[in-house]
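Reviewing the structure listed below.
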């Protein structure tokens, strides 16, 4: 039986996001680590590697494929009430101790993940896109592991998905590079970025840098991508009022229309002794976001316990526009031109499906 590394290495293709260097070394630009990878070595993510001076990258498989409510991602201003066919691979460039998808994200890094080889399912990009069409999904999403390190594979799928009128999205830690975002941008509609903390020291403990994520949020918004941001509020890690206010003010400075989701931590992976986030803490975080100037703040993972912070309300007249409970939309009263029916304010978001591209769509096989 091949090892997990051997199996993953067989499911690769030559990458795009790299440059060749002397002595057959390569520089990878998929994520903010910008790894220098010498022949026979792997990047920090463990799944991009140098084979004879060529960067090999994940291709031709999924480890997860599921049709979810788009609210589960979470996206609240992206086709609310629709479904998103979500695919994931293996590996990550971070090593968060509270990761909820650690079994797939920490593959090749944590020996406890060795059994994840049973999840690997070889598949073509055409088959993924076809599954989205058959399932009635309106969106195709790359998630479950860190999608930046599998950008080339996502772009291959997204090209097909968009030709058939589907939106495309990333659920990412946001440790992106300008080159990676430029490559991805023409094929992407929306990105959800985790803003894990507002202290660089915390980010370095998790495996990244604060500035890389802040820069990605700024850049994605400037490119015209629909951006939503999530902060998992972890007791003792990032839940001080000062740090939450710093996060809210940063986002409001980029755009007060960026939806900010503050979500509840629950004990997982290597942080099983940390208490779960209380509803009171989550409500306080949401209030801080509003005080910072954000117009759309949501509280997640505690359905029914966070007052109106699951609902999209008009920031002008405060009318309830999209009512939710958990991952389910209960009502949507936006007008056909995406405005509040009470005061006429335009509500920012992506509310309508994407038309299929002109010309005959590529075959899905």
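General remarks:
- Any hit, the range 289-301, residues being closer than 20 Å to residue 241 by Cα, touching a helix residue (DSSP H, G or I) at 6+ places or on another chain (Cβ under 6 Å) and assigned to a helix (DSSP H, G or I): yes
- When residue 215 is tested against (1) within 15 Å of the chain's Cα centre (by Cα); (2) over 23 Å from residue 268 (Cα atoms), exactly one condition is not met: (1).
- Total residues in the range 39-67 satisfying the condition of being part of a strand (DSSP E or B) and either farther than 28 Å from residue 262 by Cα or at pLDDT below 95 (or both): the figure is 11.
- Some residue of the range 307-326 being part of a strand (DSSP E or B), touching a helix residue (DSSP H, G or I) at 6+ places or on another chain (Cβ under 6 Å) and within 22 Å of residue 243 (Cβ to Cβ): no
- Residue 249 being over 22 Å from residue 101 (Cβ atoms), assigned by TED's automatic domain parsing to the domain that holds residue 317 and part of a loop (DSSP other than H, G, I, E, B): no
- Cross-chain or 6+ apart pairs with Cβ under 7 Å, the range 192-218 first and more than 12 Å from residue 96 (Cβ to Cβ), then at pLDDT below 95 and assigned to a helix (DSSP H, G or I): none
- Hey, residue 96 outside the structural domain of residue 10 (by TED's automatic domain parsing) and either more than 26 Å from residue 13 (Cα to Cα) or in contact with a helix residue (DSSP H, G or I) (Cβ under 9 Å, 6 or more places away or on another chain) (or both) or not: yes
- Residue among 133, 155, 171 that is under 14 Å from the mean Cα position of the chain (by Cα) and closer than 23 Å to residue 61 by Cβ: 171
- Residue match in the range 338-349 (condition: modelled with pLDDT under 95, loosely packed, with under 13 Cβ neighbours inside 10 Å and over 20 Å from the mean Cα position of the chain (by Cα)): no
- Those helices (runs of 4 or more DSSP H) of the range 120-226 in which at least 2 residues are farther than 25 Å from residue 45 by Cα and touching a helix residue (DSSP H, G or I) at 6+ places or on another chain (Cβ under 7 Å), considering only elements entirely within it, cover 125-135, 151-163, 210-223.
- Some residue of the range 71-93 being more than 19 Å from residue 175 (Cα to Cα), without any contact (Cβ under 8 Å) to a residue 12 or more places away in the chain and in a loop (DSSP other than H, G, I, E, B): no
- So residue 51, is it surrounded by fewer than 18 Cβ atoms within 10 Å (Cβ to Cβ) and under 18 Å from residue 144 (Cβ atoms): no
- Qualifying residue in the range 179-186 (condition: surrounded by 23 or more Cβ atoms within 10 Å (Cβ to Cβ), in contact with a strand residue (DSSP E or B) (Cβ under 6 Å, 6 or more places away or on another chain) and closer than 27 Å to residue 81 by Cα): no
- Counted residues, the range 5-58 - those being free of Cβ contacts under 8 Å to residues at least 40 places away in the same chain and over 24 Å from residue 121 (Cα atoms): 20
- Residue among 319, 270 that alone is in the same structural domain as residue 253 (by TED's automatic domain parsing) and at pLDDT 95 or above: 319
- Annotation note: of 225, 251, the sole residue that is crowded, with 23+ Cβ neighbours inside 10 Å and at pLDDT 95 or above is 251.
- Residue 87 meets the stated requirement of being crowded, with 24+ Cβ neighbours inside 10 Å and modelled with pLDDT of 95 or more.
The values are calculated or read from the model by the stated rules, or taken from the named source; none is laboratory data. Predicted model only: the values in this text are computed from it and were never measured. Counting neighbours? That spans all protein chains shown, and the Cβs are built from the backbone with ideal geometry, glycine included.
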